[in-house]
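The numbers here are math on the coordinates, done by the rules we state, and not lab data. What you see is a predicted model; the values in this text were computed from it and never measured. So basically every Cβ, Gly included, is an ideal-geometry build from the backbone, and we count neighbours across all protein chains shown.
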Amino acid sequence: MSLRKSIEIDPVSLNVQIHNLWKNQWLLLTSGDFNTGHFNTMTVAWGSLGMMWNKPFAMVVVRPSRYTFDFMNQYPDFTLTAFPKEFHKDLSYLGKVSGRDEDKIAQTRLHPCAARIIGSPVFQEAELAIECRKTYWNDFLPDHFLDPTVRAVHEPKNIHRMYFGEIIHIEGDEKFISTAK
């Protein structure tokens, strides 16, 4: 992997403004096999990072209508990558266009590259790359949404599936390392 100014980051030392990362910076969710070239990516703005089952985890959600859904179900792992602001237009494009219809990555300034441990790729231009091995999935159940505003963002037949992945490797810029002891 050849990330910009990349160093290994222990999950305990990861320091991100979590709401800003998901809501404003966004992330690319990528699943598949870099070596065969069979992978897809999409921009995600919903998810979480934390601790579950005594393991550091990332949780993402994907609708069945998304092309990435097929990859998330077929492959055992996924990556989350964050980018500097200069790539916001690229991430916007990758969130709007389907990989079913075109080689959408080729239309951006991003370059996939091999991750350190798993088969799903990361991107050379990323400033943060989180490698995850899937540990759990489940579909949201419409009757379980207690807040009507949350229920309103879900189409009845296109309900998100959530995927939990154990974080097994993180690389990124030094700015993502906590200096607190």
* Rounded to the nearest Å, what's the spacing between the alpha carbon centres of segment 1-61 and segment 118-179? Just the number, please. => 7 Å
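Provide the net charge surrounding LEU110, with neighbours chosen by a C-beta distance below 9 Å and charges set as Lys +1, Arg +1, Asp -1, Glu -1.
-1
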* To do: Please give the calculated 222 nm ellipticity per residue for the chain, where each DSSP H segment of at least 4 residues contributes -39500 (n - 2.57) and the sum is spread over every residue; nearest 500 deg cm²/dmol?
  => -3000 deg cm²/dmol
* Please report the relative contact order for segment 7-176, taking Cα pairs under 8 Å with a sequence separation of at least 6, and give it as a percent rounded to a whole number. => 30 percent
* **Student exercise, the chain dipole from Lys, Arg, Asp, Glu Cβ charges, in Debye to nearest 20** => 280 debye
* To do: Taking just the C-alpha trace of segment 35-111, give me its Rg and Dmax in Å.
  => 13.5, 40
* **Net charge of Cβ neighbours under 12 Å - reference PHE78; Lys, Arg +1; Asp, Glu -1** => -2
* Relative contact order for segment 73-143: what is it in percent, counting Cα pairs under 8 Å that are at least 6 residues apart? -> 44 percent
* Asked: Cα-based Rg (one decimal) and Dmax (whole number) for the chain, in Å?
  -> 15.7, 48
* Asked: Looking at segment 59-170, how many pairs of lysines come closer than 22 Å at the Cα, when each pair is eight or more places apart or spans two chains?
  -> 5
* To do: Among LEU141, LEU80, LEU94, determine the one that fluctuates most according to a GNM of the chain built with springs between C-alpha atoms less than 10 Å apart.
  => LEU141
* How many percent of all Cα-Cα pairs in segment 75-118 sit more than 12 Å apart? -> 68 percent
* Most fluctuating residue of LYS157, LYS104, LYS89 in a GNM of the chain with Cα springs under 10 Å: which is it? -> LYS157
* Structure fact -> Here, ASP139 and LYS157, labelled 7 Å along Cα→Cβ, have an inter-label distance in nm of 1.3 nm
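Mind checking the full-extension length gain between LYS55 and THR149? Use 0.36 nm per residue of separation minus the Cα-Cα distance, one decimal, nm. Walk me through the numbers before you get to the answer.
Values: separation 94, 0.36 × 94 = 33.84 nm, distance 3.12 nm.
Gain on extension, LYS55 to THR149, equals 30.7 nm.
Return the FRET efficiency for the residue pair LYS175, ASN24: r is the Cβ-Cβ distance, R0 is 22 Å, and the value is rounded to the nearest 0.05. Let's see the in-between values first.
Working: r = 16 Å, r/R0 = 0.71.
E(calc), rounded to 0.05, equals 0.90.
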